[in-house]
1. Using a Debye calculation, one point per C-alpha and no hydration shell, please list log10 I(q)/I(0) for the stretch 39-150 at q = 0.14 Å⁻¹ in order.
2. Taking a cut-off of 23 Å between Cα atoms, list the lysines near Lys101, but don't count ones fewer than 8 places away on the same chain.
3. Do you know the relative contact order of the stretch 38-101, to the nearest whole percent, from alpha carbon pairs under 8 angstrom that are 6+ apart?
4. Heavy-atom accessible area per residue, the stretch 1-126, 1.4 Å probe: how many Å²?
5. Return the Cα extents of the stretch 4-206 along principal axes one, two and three, sorted largest first, each rounded to a whole Å.
6. Could you give the length gained by full extension between Asp189 and Glu137, i.e. 0.36 nm per residue of separation minus their alpha carbon distance, to one decimal place?
7. Please grab the % of Cα pairs in the stretch 156-210 that end up more than 19 Å from each other.
8. Return the sequence-ordered ³J(HN,Hα) values of the stretch 175-180 in whole Hz as given by the Karplus equation 6.51 cos²θ - 1.76 cosθ + 1.60 applied to θ = phi - 60°, using x for Gly and Pro.
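The values are calculated or read from the model by the stated rules, or taken from the named source; none is laboratory data. All values reported here derive from a predicted model rather than from experimental measurement. FYI the Cβ positions are ideal-geometry reconstructions off the backbone, even for glycines, and counts take in every protein chain you see. In case anyone asks, the SASA skips ligands and DNA or RNA and just uses the protein heavy atoms, side chains included. Shrake-Rupley method; radii C 1.70, N 1.55, O 1.52, S 1.80 Å.
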Amino acid sequence: MISEETKELVEKGVMLPLMEEFYTIQGEGFHKGTAAYFIRIGGCDVGCHWCDVKESWNADLHPPTPVGKIVENAVKYSDTVVVTGGEPLTWDMTVLTNSLKKKGCKIHIETSGAYDITGIWDWICLSPKKIKLPKPEIYPLAHELKVIIFNKHDFKFAEEQAAKVSDHCILYLQPEWSNREKMMPLIVDYVMKNPKWKVSLQTHKYLNIP
Ligand code: SF4
């Protein structure tokens, strides 16, 4: 049972429902191959049917953890930190990112953009979802746009989303893991015909690392 006091601290982002944290290699997108400390925050109500971290959805299952403790753990391993979820922007990221910045970290976020952006970020990976679209404010801030391709209709969605980001934003199409064998030939063909896009693969899954 979580006390009212703890709930308030979570509301303020002084504590966060920490699902897991681990040091690994970023497998996807622009920073693929880079060693980074991952902080996975619980809580997401976007509800993608193909989500591969459904156990993150219910924030109550993940212990409210003081931000100071999370930062202390992270900096032991890496100065590159990836904040992911769940949907991390469910929570106020101000305290976490300020604390990591004070320690000199480069801070990345993986987000659907469905909630107001909080915190300071060196790299924003926006991965929009059809069922809960990003807030308009995040599009010009995104450094990379990563659209998950589950079926052929997702290419149209990808183009609609690409029209909203800045010219500097790097565009990625990534096959949804369970459907990758079916979608990969379509993605390859699409990227060859539309080379503004790049292919992103979940290389960590091929490497069998977290
Ligand atoms: S936004 Fe991410 S964590 Fe949330 S349901 Fe979709 S894939 Fe899962």
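1. One equal scatterer on each Cα of the stretch 39-150 leads to -0.55.
2. Partners within reach: Lys12, Lys32, Lys69, Lys76.
3. Taking the mean separation of contacting Cα pairs over the length of the stretch 38-101, I get 51 percent.
4. 45
5. The principal-axis extents, from largest down, are 53, 31, 30 Å.
6. Taking 0.36 nm per residue and subtracting the Cα distance, the gain is 15.5 nm.
7. 34
8. Coupling constants for the stretch 175-180: x, 5, 4, 6, 10, 5 Hz.
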